[in-house]
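> Here you go, one structure.
Quick note: the coordinates plus some simple rules give every number you see, no bench work behind them. What you see is a predicted model, and the numbers here were worked out from it, not measured in a lab. As a convention, Cβ positions derive from the backbone with ideal geometry for all residues, glycine included, and neighbour counts pool all protein chains shown.
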Amino acid sequence: MTITEIKKAVEHLSIIEQKELFHWIDEYRENQWDKQIEEDLENGRLNKLIAQAKQEFKEGKCQKI
């Protein structure tokens, strides 16, 4: 199925069905984001940012929340 076909199909959904679909898409995207963050963390892609944040905190450039 192509994006164009999906768009046309969505246009034929009722408002209730569209809301249900959009809710599902939001949850799906959130789960995908969580998986990406976990993967980046496991593979060390965030190490530099974590070290930078710790250093800035140590220097008093930020505060605990």
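> Could you work out how far apart the two model spin labels at E56 and H12 are, taking each label as a point 7 Å from the Cα in the direction of the beta carbon, and quote it in nm?
The answer from the label model is 5.0 nm.
> Also, quick follow-up: Over the Cα atoms of the chain, each weighted equally, I'd like the Debye log10 I(q)/I(0) at q = 0.14, 0.20, 0.21 Å⁻¹, rounded to two decimals.
-0.67, -0.87, -0.91
> If you place +1 on the Cβ of every Lys and Arg, -1 on the Cβ of every Asp and Glu, and leave all else neutral, what size is the dipole of the chain about its Cα centre, to the nearest 20 Debye?
Using Cβ point charges on Lys, Arg, Asp and Glu, the chain gives about 460 debye.
> Moving on to the next point. Please give me, ordered by residue number, the GluC sites (Glu not before Pro) of region 29-65 that lie in loop per DSSP and have at most 12 other Cβ atoms within 10 Å.
Passing both the DSSP loop test and the Cβ count: E59.
> What pairs from K19/K54; K19/K61; K35/K61; K8/K48 go past 32 Å between their alpha carbons?
Check vs 32 Å cut-off fails for K19/K54; K19/K61; K8/K48.
> Note the angle between two axes, namely the Cα long axis of helix 47-58 and the longest principal axis of the Cα atoms of the chain, as a number of degrees from 0 to 90, rounded to the nearest 10.
50 degrees
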